[in-house]
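Student: Here it is, the structure, as structure tokens.
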Amino acid sequence: MTGEAAELARAQSRIAWRRWLMRGLIRTVGYTLLARVTSTGKQHIPDDAPCILMMSHISAIDPAVCIGEITNRYVIPMTKVENTHNPLLRLIVWWWGAYTVRRETVDRRALTQSVDLLNAGQMLLIAPEGTRHPHGLGEGKDGLAFVAARTGAVIVPAAINHTQDFMRRWKRLKRARADISFGRPFRFKTAGRSRIPRDELRLMTREAMYQLAITQPDPALRGVYSEIDNATTTTLEFV
């Protein structure tokens, strides 16, 4: 574990009180004034195993919705580095203890931090598409599969609905809507290997994305994975 990653892992217990406070504000003030949040499938979220919440991403408020709705543990978001360029967002990223990724390249620093946090037993929030897709799932990137296969982490699909309308509703002084469906958890079959060939890693990504599409109750938001009859599970082990 690198020095930076080790410090990130050690910091988790020190900042638990900040996360407790922020999650409380989201669930009280946020749920009362800003958004009506519902969810199904929360029983799929493990209490303590290394875990990745694989989130569909249709609006800017999706990470906050997930942070507020998961109450049995704290989830650590991977967030785009551009969020730290805004003073308010930079404060939120620091307060919660999120970590950043540079999306225009293969960010080995972010991959290393992800692996080390999972090896420390944490739960990460990752949007596998790498950016927002408000009109349906886009192609998944291989970063999530890479860190999940390297660590043996459990993956829980999290399909989000309705949040893409949040700005329109706020302008009309209405609460936003947010529905989260947590899907069947799984991990990748690796046969003990720490390095996965590129073509197999790509298959892992495809099969994981289809599980996210299956979890999505709105067919219109399944995007490029709409043909769920094409889903395979060759590399998946359900838990």
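Student: Have a look at the range 1-133 and give its Rg and Dmax from the Cα atoms, expressed in angstrom.
Tutor: Values for the range 1-133 (Cα only, Rg and Dmax): 14.4, 42 Å.
Student: What is the calculated FRET efficiency for Glu82 to Ala191, with r their C-beta to C-beta distance and R₀ = 41 Å, to the nearest 0.05?
Tutor: Working from the Cβ atoms, E equals 0.60.
Student: I need Met22, Met78 ordered by Cβ neighbour count within 10 Å, fewest first.
Tutor: By the 10 Å Cβ count, ascending: Met22, Met78.
Student: Could you tell me what a quarter of the Cα convex hull surface of the chain works out to, in nm² with one decimal place?
Tutor: Over all viewing directions, the chain projects a mean Cα-hull area of 12.6 nm².
Student: While we're here: Per 0.36 nm of contour for each residue apart, how much would the distance between Val29 and Ala120 grow if the chain were fully extended, relative to their Cα-Cα spacing?
Tutor: 29.6 nm
Student: Let me ask something else. When you count, for each residue, the other Cβ atoms within 10 Å and take the mean per peptide, how do 39-46, 8-15, 200-207, 121-128 rank with the highest first?
Tutor: In decreasing order of mean packing, 39-46, 8-15, 200-207, 121-128 become 121-128, 200-207, 39-46, 8-15.
Student: Calculate the length of the line joining the C-alpha centroid of the range 57-116 to that of the range 166-233, in whole Å.
Tutor: Using only Cα atoms, the two centres lie 18 Å from each other.
Student: What Kirkwood hydrodynamic radius do you get for the range 118-239 when you take the inverse of the mean 1/r over all pairs of distinct Cα atoms, in Å?
Tutor: By the Kirkwood definition, the hydrodynamic radius is 15.4 Å.
Student: Can you tell which of Phe182, Trp94, Thr40 lies farthest toward the positive end of the dipole of the range 3-238, using +1 and -1 charges on the Cβ of basic and acidic side chains (Lys, Arg; Asp, Glu)?
Tutor: Of the listed residues, the answer is Trp94.
Student: Quick check: net charge around Leu203, other residues with Cβ under 12 Å of its Cβ, Lys/Arg +1 and Asp/Glu -1?
Tutor: With Lys, Arg at +1 and Asp, Glu at -1, the neighbours total 0.
Student: OK, next. Take the Cβ-Cβ distance between Glu7 and Arg36 as r, set R0 to 45 Å, and report the resulting FRET efficiency rounded to the nearest 0.05.
Tutor: After rounding to 0.05, the efficiency reads 0.75.
Student: Here's another thing I want to ask about it. Mind pulling the per residue volume of the convex hull built on the Cα atoms of the range 11-74? Å³ is fine.
Tutor: With only Cα atoms used, the range 11-74 gives 105 Å³ per residue.
Student: So, one more: What is the gain in length, in nm to one decimal, between Arg73 and Ser226 on full extension, counting 0.36 nm per residue of separation less the C-alpha to C-alpha distance?
Tutor: 51.9 nm
Student: Below 8 Å between Cα atoms, with a sequence gap of 6+, how large is the relative contact order for the chain in percent?
Tutor: 25
Student: How are the Cα pair distances of the range 59-199 distributed, in percent, across 10 Å bins from 0?
Tutor: Percent of Cα pairs in each bin: 10, 38, 38, 12, 2, 0.
Every read-out reported here was derived from the displayed coordinates using simple, explicitly stated rules and does not represent laboratory data. Model, not experiment: these values are computed from the prediction. As a convention, Cβ positions derive from the backbone with ideal geometry for all residues, glycine included, and neighbour counts pool all protein chains shown.
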